[in-house]
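A short write-up of the structure that comes next.
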Amino acid sequence: MALLDRSEREEFLRSHPGWALDGETITRTFVLADFASAIGFVAAVGIVAERAFHHPDIDIRYRRVAVSLTTHDQGGLTRKDTSLASRIDRLASSR
C-alpha cells in the first residue's frame, strides 16, 4: 500500500476537522458525555478497527479518547489510516 503524498494528507485534514498530522501519524481527541460513553465509543472503534484489520493507538482519560493512526508496516500514512479515521468520525457523530 502506497504512502499518502502531501496533497492527499492535506485534503484529508481539510475534509476531516479535528484530525491533526503529527509526523507520520494522524491524531484526534474525542470528548464524550461521560466515562461510560467513552468506553462505549472505544468498544465501537475496536470492532470497526478489528474488521478493518487496522488497529489504532487509543488513550482514554475519563471522557476524553485520543486516537492515533499510522500504518506501521508501511512506515507512514496510507489510505488504511484515512479510511479508518473516516469510520471513527462517523461513529463519533452518531453518539
- Item | Of all residues in the range 21-45 being aliphatic (A, V, I, L, M) and closer than 14 Å to D57 by Cβ, the one that is surrounded by the most Cβ atoms within 10 Å (Cβ to Cβ) | I26
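For every residue, the table says whether it meets (1) more than 20 Å from G18 (Cβ to Cβ); (2) in contact (Cβ under 8 Å) with a residue 40 or more places away in the chain; (3) in contact with a helix residue (DSSP H, G or I) (Cβ under 7 Å, 6 or more places away or on another chain).
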site	(1), (2), (3)
A38	no, no, no
A43	yes, no, no
V48	no, yes, yes
F53	yes, no, no
I58	no, no, yes
R63	no, no, yes
S68	no, yes, no
G75	yes, yes, no
A85	no, yes, no
- Please work out if S86 is surrounded by fewer than 16 Cβ atoms within 10 Å (Cβ to Cβ), out of contact with any Ser or Thr (no Cβ under 8 Å at 6 or more places or on another chain) and at pLDDT 95 or above. yes
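Would you pick out the residues in the range 9-36 that are acidic (D, E), out of contact with any strand residue (DSSP E or B) (no Cβ under 6 Å at 6 or more places or on another chain) and in contact (Cβ under 8 Å) with a residue 24 or more places away in the chain?
Let us first name the residues in the range 9-36 that are acidic (D, E), namely 10-11, 22, 24, 34.
Narrowing further to those that are out of contact with any strand residue (DSSP E or B) (no Cβ under 6 Å at 6 or more places or on another chain): 10-11, 22, 34.
D22, D34 - these are the residues of the range 9-36 that are acidic (D, E), out of contact with any strand residue (DSSP E or B) (no Cβ under 6 Å at 6 or more places or on another chain) and in contact (Cβ under 8 Å) with a residue 24 or more places away in the chain.
Could you tell me whether the range 29-42 includes any residue that is in a strand (DSSP E or B) and of a type in the set (V, I, T)? Spell out how you get there, then give the answer.
Kept after step one, since they are in a strand (DSSP E or B), are these residues of the range 29-42: 29-31.
This time we only want the ones that are of a type in the set (V, I, T), so: 29, 31.
Looking through the range 29-42, at least one residue is in a strand (DSSP E or B) and of a type in the set (V, I, T).
The values are calculated or read from the model by the stated rules, or taken from the named source; none is laboratory data. All of these numbers come straight from a predicted model, not from anything done at the bench. Positions of Cβ are generated from backbone atoms using ideal geometry, with glycine treated the same way; all protein chains shown enter the neighbour counts.
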